[in-house]
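**Student:** This is the structure, below, for whatever I ask next.
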Amino acid sequence: MSTFFQSHLRSFTLIFLTLTVGFTVGACSVLENMFSDSEESSPDIKQESILTKVDSTNIDVSDSIPFEGPSDTLAEADSINIDSLLNRMTLKEKIGQLFFVRAYGHFKSYDEASYQQLLQKIKDFHIGGITFFNGTIYGQTILTNKLQQASKIPLWITQDMEYGAAMRVDGATRFPPAMAVAATQNPDYAYWMGKVTAKEANALGVNQIFGPVLDVNNNPRNPVINVRSFSGNPDTVAAYGKRFIDGVQSEDILATAKHFPGHGDTDTDSHLSLPVINYNYTRLDSVELLPFRSAVGDGVSSIMSAHIAFPQISSRQNLPATMDSTIINNILADSLGFNGLVVSDGLEMKGISSNYSPGDAVIKALQAGVDLILLSPDELTAINEIEAAIKNKRITEQRIDQSVRKLLKWKKKQGLFQKEHIDINTLSNKISTRKHELIAQEISQKSLTLVKNKGDILPIKPYQYPNITVVSVSDGSSGRAGNGFVSCIKDHHPNITSHVLDKRTGPKEKKQMLADARDADLVIIGSFIYVRSGQKVQLNQDDLRLLQKLHKDTPAALVAFGNPYVVQDLPKTDAQLMAWSATDQQVKSVVPALFGGASISGRLPIEIPGMYDFNHGITLPQTTIRSDAPEVAGLSRDSLKKVEKIMNQAVLDSTFPGGAVAVVKNGVMAYQKGFGYQTYKKLNPIRKNTIYDLASLTKVTATTPAVMKLVDEGKLSLDDRVGKYIAEFTSGPKKNITIRNLLLHNSGLPPYRIYVDSIKTEAKLIKAIKNEPLTYKPGTKYKYSDLGFILLGEIIEQVTGLPLDQYVHKTFYYPLGMNDTFFTPNRSNKWIFKRISPTEIDTSIRMKTIKGQVHDERAYYLNGVAGHAGLFSTVDDLAIYCQMLLSGGSYAGQQYLDPSTVNKFSQRQSELINRGYGFDRKSSGFSTAGSLTSDKTFGHTGFTGTSFWIDPNHDIAIIILTNRTFPHRSYGQNISTIRARIADAVMSSIIE
């Protein structure tokens, strides 16, 4: 291909990219949505009017196209000879290759000043590469394509990615900081963090990442490293740094170990001034150098120097390591044997720029052994000074060639001379993928480190701490901190007050904060104090005094979302949890753990002087459910889409107007979704908090567990005769009927009696049931009977001295946190009433739409509370109840039922039918529990269209709530088939 044709083809490509940037970004956003599970549609792309016409005659099109691309010789990557290329480059071109300039990865028009400045540095300064700072996925990749097209020699793209590409690029996968990774006690997590980061860097067109940090953070007052370091222990830093480097370089991306020879034991920020470390070589060799020695031995490709002076090692006082031949040439190159790329830290940092001219800084760095120069404050001046220094023989051209040759070899090795554009249409398949996010999420969860738990505050039990005040303390530099934290806590606790303490908090709010803390049962302090250049990493004294007052008389839990050493400021807080960072992902990991929804197993990778030793930590098991991705629970997200198809088709077929499905697997709410509407008017969509009339699920969610509890306590026996509690059962055929018979539906009572056609008061209805004649000899047949469970409700009331609804609320629902489970909903509470799905338009008895009243007529005339029906609930609450049964009667650290009792009641207990005590069990033929659940599966169904099935063999519960009786009970006759199909869809999604 001729140079002329190449040039014009590139020019056309640049113009085309410019004209279509808006379309491309929009199209790729749609692609991203296709690969996500969000129900939100992508934002509308608005076409703005042209308000100002531009006279095209004033535009020089040639200014839009920077200049011709590389020659044919450079374009043929396979034939590139680095030495030949180097020989043909001018001195200014070679010097320019050493410089890396700052760029922001946002969309830039061709005539934007910052873009034109970049083009000038590429064209006139011949820079070797770009160091990207903040940006977006598409903004950075499109800019990279344009800049690469403009450069005669391909640009080498670099970027800080210590905790993932999201450190600089919005929308990429973000990991917790290095110290959090080490807290997991699993170096393999560092490998996967590095590998995922490198994959996304490669997709973005980045060739080299600046990470990992191999500084040993053994100084709690370090103002710049802190959680960026893996540990305060050099061996730990070495181990995790090695695995991170392995992960990065497995994807052919250069890792950069920093900041040599060590920035961990400083109390000065090198961004602001020059730190000085007065240690001798023996100390440096035994601590700071250990991780770097390991990295060099492991084959790290690049090392970044630190702007720190080591007067006891260097021959010159106050000479930054970046400019110190003793540090770079003697120690790094000679002693450690490193011959890779040496990169300077940013020369614009005050530790350098306040003391050295732009050119002098670069010359001294090159003399010391640095290869690549980052972020010179004045590239033009520096280049001119270097040219002058070569003429004056202060530095040789051969020294320049040495570093340029290294860089060109890497450019060739990574195929940059082929000039391939980044295909932005593939980015949604490569960045922030489901797999990447799950890896980051797992690391976040495993990093949580509990260092103190006085009084076993954690996991927090809402019934023990009914009123909680949350205070988010922040440096105020990134908006009002803690909003996401508070929002997540409100999902787990019904009564929360919250405040933000930062520089904008006034006296009135502080006064209210103290008042709320005094009235609270627990104070949660979220510390959002981060490590930022130029800022203190500790609490200021005014905030500290206020926080100390907050927990003077009230138990307090401290959650450190940033600097872990903040516990030194608040040592008397009763519980102390290290969360390491305040990303949305980390908050979503922390809050469930506070309430027992995730295990806590991290260990301190640092020492907190006077408080906690290295490797200290308290382990807490998971005791409650949490919402999480299906894959976390071992379910296939794609396979679960079958559930959506089944439910949506059922709504379309008018099996029911709407319904909700929840799946709990391995302690995780892995699926939770509403379908359709409360009625066929389609005005109120079904949500996960829609409240349903459970109908006969009342039998196994209220009456049966009440009996189980009383059996555990010895207050009731399965062999107790019903006549012990009900006089009508003391003689005749009824005298031998036991509690066991009522639970097994083999008492001889008939399956159904209307009663309410003539009896409409509670007393007369109960009397009629007690006097109901038997229809067969007790124990000889199975006849499913509501009447037996109505009597069980009466017996429970006699034994406990409380109505059934009050007893189960006090014993189970309130302590379990089942806040939307109750009999007789409060119809005056608009928040509750609007969420209740109606069950039927009654045209025979009540002559109205039944909403907020029990559907079953007998339960209705029993004032809404009965042993067989009357309970209302949500899929959320039933998930808690099912998990309690799956956990052998335990939830949130409290034992509600004895495991042997749960096992007994859920096992087959009758030769007549495969049922347990109260609970139904999966039948051998067709079952609404589906064909794939195990034969240990137990649960129940409800007439209104409700059901749950629990399979202990697979540690799974499948909950389906619908109002299939709406508008009339004759509707939804195929509900059994729907239940079975959903169960099979869920079970087939289990990843073996």
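The values are calculated or read from the model by the stated rules, or taken from the named source; none is laboratory data. On a predicted model such as this, the values are computed, not experimentally measured, just so you know. In this analysis, Cβ positions are derived from the backbone assuming ideal geometry, glycine residues included, and neighbour counts consider all displayed protein chains.
**Student:** Has segment 153-162 got any residue that is surrounded by 24 or more Cβ atoms within 10 Å (Cβ to Cβ) and under 23 Å from the mean Cα position of the chain (by Cα)?
**Tutor:** Yes, segment 153-162 has at least one match.
**Student:** Something else now. Does at least one position in segment 712-725 carry a residue that is among the β-branched types (Val, Ile, Thr), buried (at least 17 other Cβ atoms within 10 Å of the Cβ) and touching a strand residue (DSSP E or B) at 6+ places or on another chain (Cβ under 6 Å)?
**Tutor:** So in segment 712-725, the residues among the β-branched types (Val, Ile, Thr) come out as 722.
With buried (at least 17 other Cβ atoms within 10 Å of the Cβ) added as a condition, the list becomes 722.
When the remaining residues are screened for being touching a strand residue (DSSP E or B) at 6+ places or on another chain (Cβ under 6 Å), the result is none.
Checking segment 712-725: not a single residue is among the β-branched types (Val, Ile, Thr), buried (at least 17 other Cβ atoms within 10 Å of the Cβ) and touching a strand residue (DSSP E or B) at 6+ places or on another chain (Cβ under 6 Å).
**Student:** Further question on the same structure: Does segment 573-587 contain at least one residue that is surrounded by fewer than 23 Cβ atoms within 10 Å (Cβ to Cβ) and more than 17 Å from the chain's Cα centre (by Cα)?
**Tutor:** Yes; the residues of segment 573-587 include at least one that is surrounded by fewer than 23 Cβ atoms within 10 Å (Cβ to Cβ) and more than 17 Å from the chain's Cα centre (by Cα).
**Student:** Moving on to the next point. Only one of ILE431, ILE373 is outside the structural domain of ASN495 (by TED's automatic domain parsing) and in contact with an Asp or Glu (Cβ under 6 Å, 6 or more places away or on another chain). Can you tell me which? Before the answer, list the steps.
**Tutor:** Values: ILE373 fails: in contact with an Asp or Glu (Cβ under 6 Å, 6 or more places away or on another chain).
The conditions single out ILE431.
**Student:** Taking into account only those residues within segment 769-788 that are aliphatic (A, V, I, L, M) and buried (at least 18 other Cβ atoms within 10 Å of the Cβ), which is nearest to ALA866 (Cα to Cα)?
**Tutor:** Taking segment 769-788 and keeping what is aliphatic (A, V, I, L, M), we get 769, 774, 787.
Now drop any that are not buried (at least 18 other Cβ atoms within 10 Å of the Cβ), which leaves 769, 787.
Numbers: ILE769: 12, LEU787: 10 Å.
Here the answer is LEU787.
**Student:** Right, another one. Look at PHE595 and say whether it is of a type outside the set (Gly, Ala, Ser), at pLDDT below 95 and assigned by TED's automatic domain parsing to the domain that holds CYS488. Don't jump to the end; show me each part of the working.
**Tutor:** Working: of a type outside the set (Gly, Ala, Ser): yes; at pLDDT below 95: no; assigned by TED's automatic domain parsing to the domain that holds CYS488: yes.
Criteria not met by PHE595.
**Student:** Can you tell me which residue among SER527, SER498 is among the polar types (S, T, N, Q), in contact with a Phe, Trp or Tyr (Cβ under 8 Å, 6 or more places away or on another chain) and touching a residue at least 12 places away in the same chain (Cβ under 8 Å)?
**Tutor:** On the way: SER498 fails: in contact with a Phe, Trp or Tyr (Cβ under 8 Å, 6 or more places away or on another chain).
Residue meeting the stated conditions: SER527.
**Student:** If you don't mind, another one. Taking THR449 as the residue in question, decide whether it is over 24 Å from PRO177 (Cα atoms), β-branched (Val, Ile, Thr) and under 27 Å from the mean Cα position of the chain (by Cα). Spell out how you get there, then give the answer.
**Tutor:** Numbers: over 24 Å from PRO177 (Cα atoms): no; β-branched (Val, Ile, Thr): yes; under 27 Å from the mean Cα position of the chain (by Cα): yes.
Against the criterion (over 24 Å from PRO177 (Cα atoms), β-branched (Val, Ile, Thr) and under 27 Å from the mean Cα position of the chain (by Cα)), THR449 does not qualify.
**Student:** Moving on to the next point. Take the residues in segment 605-648 that are touching a strand residue (DSSP E or B) at 6+ places or on another chain (Cβ under 7 Å) and part of a loop (DSSP other than H, G, I, E, B); name whichever of them is surrounded by the most Cβ atoms within 10 Å (Cβ to Cβ).
**Tutor:** Only one residue tops the list, namely ILE625.
**Student:** Something else now. If I filter segment 649-666 down to residues being in a loop (DSSP other than H, G, I, E, B) and out of contact with any helix residue (DSSP H, G or I) (no Cβ under 8 Å at 6 or more places or on another chain), which single residue comes out as surrounded by the fewest Cβ atoms within 10 Å (Cβ to Cβ)? Explain how you work it out, then say what you get.
**Tutor:** Applying the first criterion (in a loop (DSSP other than H, G, I, E, B)) to segment 649-666 yields 653-657, 666.
Narrowing further to those that are out of contact with any helix residue (DSSP H, G or I) (no Cβ under 8 Å at 6 or more places or on another chain): 653-654.
Numbers: ASP653: 11, SER654: 14.
Within segment 649-666, the match that is surrounded by the fewest Cβ atoms within 10 Å (Cβ to Cβ) is ASP653.
**Student:** Among the residues in segment 675-695, are any part of a strand (DSSP E or B), in contact with a Pro (Cβ under 6 Å, 6 or more places away or on another chain) and either at pLDDT 95 or above or over 24 Å from THR901 (Cα atoms) (or both)? Steps first, please.
**Tutor:** Taking segment 675-695 as the starting set, the residues that turn out to be part of a strand (DSSP E or B) are 675-677, 685, 691-693.
Cutting the leftovers down to in contact with a Pro (Cβ under 6 Å, 6 or more places away or on another chain) gives us 676-677.
When the remaining residues are screened for being either at pLDDT 95 or above or over 24 Å from THR901 (Cα atoms) (or both), the result is 676-677.
The answer is yes; a qualifying residue exists.
**Student:** Determine whether THR701 is under 15 Å from TYR807 (Cα atoms), touching a helix residue (DSSP H, G or I) at 6+ places or on another chain (Cβ under 9 Å) and of a type in the set (S, T, N, Q). Walk me through how you get there before you give the answer.
**Tutor:** On the way: under 15 Å from TYR807 (Cα atoms): yes; touching a helix residue (DSSP H, G or I) at 6+ places or on another chain (Cβ under 9 Å): yes; of a type in the set (S, T, N, Q): yes.
Criteria met by THR701.
**Student:** For segment 813-836, what are the residues that are in a loop (DSSP other than H, G, I, E, B) and aliphatic (A, V, I, L, M)?
**Tutor:** Quick first cut of segment 813-836, residues in a loop (DSSP other than H, G, I, E, B) only: 817-821, 824-829, 834-835.
Residue satisfying the conditions is MET818 alone.
**Student:** Would you check if there is a residue in segment 239-252 being touching an Asp or Glu at 6+ places or on another chain (Cβ under 9 Å), over 26 Å from ASN330 (Cα atoms) and modelled with pLDDT under 95?
**Tutor:** No, that holds for no residue.
**Student:** Restricting attention to segment 299-329, which residues are buried (at least 24 other Cβ atoms within 10 Å of the Cβ) and outside any strand (DSSP E or B)?
**Tutor:** VAL300, ALA306, HIS307, ILE308, PHE310, ALA321, THR322, MET323, ASP324, ILE327, ILE328
**Student:** Another question, then. Within segment 792-807, how many residues are part of a helix (DSSP H, G or I) and either among the aliphatic types (A, V, I, L, M) or more than 16 Å from ILE766 (Cβ to Cβ) (or both)? I'd like the intermediate steps shown before the answer.
**Tutor:** Taking segment 792-807 as the starting set, the residues that turn out to be part of a helix (DSSP H, G or I) are 792-800, 804-807.
Checking the rest, the ones that are also either among the aliphatic types (A, V, I, L, M) or more than 16 Å from ILE766 (Cβ to Cβ) (or both) come to 792, 795-796, 799-800, 804, 806-807.
Adding up the residues that qualify gives 8.
**Student:** To continue, here is another question. Within the set of pairs 6 or more residues apart or between chains, which connect a residue that is more than 24 Å from LEU407 (Cα to Cα) inside segment 102-129 to a residue that is of a type in the set (A, V, I, L, M) with Cβ atoms less than 7 Å apart?
**Tutor:** PHE107/VAL21; PHE107/ILE142; LYS108/LEU143
**Student:** Tell me which residues, restricted to segment 942-992, are touching a residue at least 40 places away in the same chain (Cβ under 8 Å), of a type in the set (Asp, Glu) and not in a helix (DSSP H, G or I).
**Tutor:** Selection gives ASP955 alone.
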